[in-house]
Amino acid sequence: MIKPRIVVTGATGKTGSVVVSELLKAGYPVRALVRREEGRSAGLRALGAEIAVADMSDVERVADALKDVQRAYYCPPFDPYMIQGAVAFAVAAKEARLEHIVGMTQWLASPSHPALMTRQHWLVDRLFSMTPGVGHTIVR
């Protein structure tokens, strides 16, 4: 059985790098989505990951990174444009006909939380849950 190709966003971060490593160990083909080529991305390449470089808010580059990918692990960047990046990812995911997105979020994510980033995580969770034809799992 051929395992699905999985794209991992935030692939050089704390959780993303572990996800890449574990998926590769399990025999999955992995495309690591990174902001730039540097030492951490070179380390992922050495493990066997394919590297795709894109800013999360650049829908065309994100769409290129999702070509021939069936599933995704989405760990949003911690920046003020998180919502824009999530929308770009959702658009690209729908166009690429992704089967499923596993989204990393915050356990306190809610629309009324006092922290902006936590409210934005809640919005990203809702966005992916409403993306037609794409399954969604939330990891808190």
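On the protein heavy atoms, probe 1.4 angstrom, tell me the percent of accessible surface of region 6-138 carried by carbon and sulfur.
57 percent
How large is ³J(HN,Hα), in whole Hz, for each residue of region 68-74 in order, when computed from phi with the Karplus curve 6.51 cos²θ - 1.76 cosθ + 1.60 and θ = phi - 60°, using x for Gly and Pro?
After applying 6.51 cos²θ - 1.76 cosθ + 1.60, I find 6, 10, 9, 9, 9, 10, 10 Hz.
Please give the helix 82-96 orientation as an angle from the longest Cα principal axis of the chain, in degrees from 0 to 90, rounded to the nearest 10.
Long axis of 82-96 versus the principal axis of the chain: about 60 degrees.
Between the helical axis of 116-129 and the dominant principal axis of the chain, each derived from Cα atoms, what acute angle in degrees is found, rounded to the nearest 10?
For helix 116-129, the angle is close to 70 degrees.
Cα-based count: Lys pairs in the chain below 23 Å, eight or more positions apart or different chains?
So the count works out to 6.
Taking only C-alpha pairs under 8 Å that are 6+ residues apart, what is the relative contact order of region 38-117 in percent?
For region 38-117, the relative contact order is 31 percent.
Using the heavy atoms of the protein chains and a 1.4 angstrom probe, tell me the accessible area per residue for region 6-138 in square angstrom.
52 Å²
In degrees from 0 to 90, rounded to the nearest 10, what is the angle of the helix 14-25 Cα long axis to the longest principal axis of the chain?
Long axis of 14-25 versus the principal axis of the chain: about 40 degrees.
Rounded to the nearest 5, what % of the DSSP beta bridges within region 6-138 are antiparallel ones?
Of all bridge pairs located within region 6-138, approximately 0 percent are antiparallel.
What value in Å³ per residue do you get for the convex hull of the alpha-carbon atoms in region 44-96? Don't jump to the answer; show the numbers that get you there.
Details: hull volume 4.5 nm³, N = 53.
Enclosed volume per residue, from the Cα hull, is 84 Å³.
Taking N as the number of residues in region 6-138, what is its Cα Rg relative to 2.2 N^0.38 Å?
That works out to 0.99 for region 6-138.
The values are calculated or read from the model by the stated rules, or taken from the named source; none is laboratory data. Computed from a predicted model, the values in this text were never measured in an experiment. Heavy atoms of the whole protein, side chains included, go into the accessibility calculation; ligands, DNA and RNA do not. Shrake-Rupley method; radii C 1.70, N 1.55, O 1.52, S 1.80 Å.
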